[in-house]
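Some notes on the structure that comes next.
The values are calculated or read from the model by the stated rules, or taken from the named source; none is laboratory data. The model shown is predicted, which means the values in this text are computed figures rather than measured ones. We place every Cβ from the backbone using ideal geometry, glycine too, and count neighbours over all the protein chains shown. Protein only, heavy atoms only, side chains kept; ligands, DNA and RNA dropped before computing areas. Shrake-Rupley method; radii C 1.70, N 1.55, O 1.52, S 1.80 Å.
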Amino acid sequence: RVLKTGGQIDYNQQVLARYRKRPDSLSADPVRMYSSILRVLEKAENTLDLSAGELEAVAEAKAKFRAFQHLNEGKGVLRVGDVSLAIDHLSKANSYFNQTKLSAFIRLLRVAPKIAKLAFNTRERLRG
């Protein structure tokens, strides 16, 4: 919006603030964070006079953030044990990412859900 209205954006290499993640912050909940990003993109798409290239960039950004949202929703439902919903969300995410590891994990969830959940929980514990 700044650039669309004739404003200027400059870059500064100096650190102006430090980031501290709190449990109740927006970035502590990735699903909520990606939902907010998608709302901002929708608003920009609907309220700004965007060129064809800008609309294309917004559409690509929406696809990317929707995929990240599905990925994190899939992880969340897997944490509580809903394998079928996890497969659904992870498959939707992987239709954008097209990652071999994610495809293999989705297959493992389908054929050996207990082993897949054990691997997922172990990885989550190791990552802290």
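Below are the figures for this structure:
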quantity	calculated
Some residue of the stretch 27-34 being within 22 Å of Arg1 (Cβ to Cβ), surrounded by 10 or more Cβ atoms within 10 Å (Cβ to Cβ) and modelled with pLDDT of 90 or more	yes
The listed residue being of a type in the set (Gly, Ala, Ser), exposed (fewer than 13 other Cβ atoms within 10 Å of the Cβ) and more than 29 Å from Arg1 (Cα to Cα), out of Ala86, Ala104, Ala52, Ala119	Ala104
Check on Ala93, open to solvent by less than 60 Å² (accessible area, probe 1.4 Å), among the small types (Gly, Ala, Ser), more than 30 Å from Arg125 (Cβ to Cβ) and not in a loop (DSSP other than H, G, I, E, B)	no
Pairs where the first residue, in the stretch 25-42, is touching a residue at least 40 places away in the same chain (Cβ under 8 Å) and the second is part of a helix (DSSP H, G or I), C-beta under 8 Å, 6+ apart	Pro30/Phe68; Pro30/Gln69; Pro30/Asn72; Val31/Gln69; Val31/Asn72; Val31/Glu73; Val31/Gly76
Within the stretch 19-71, tally of residues that are over 9 Å from the mean Cα position of the chain (by Cα) and part of a helix (DSSP H, G or I)	28
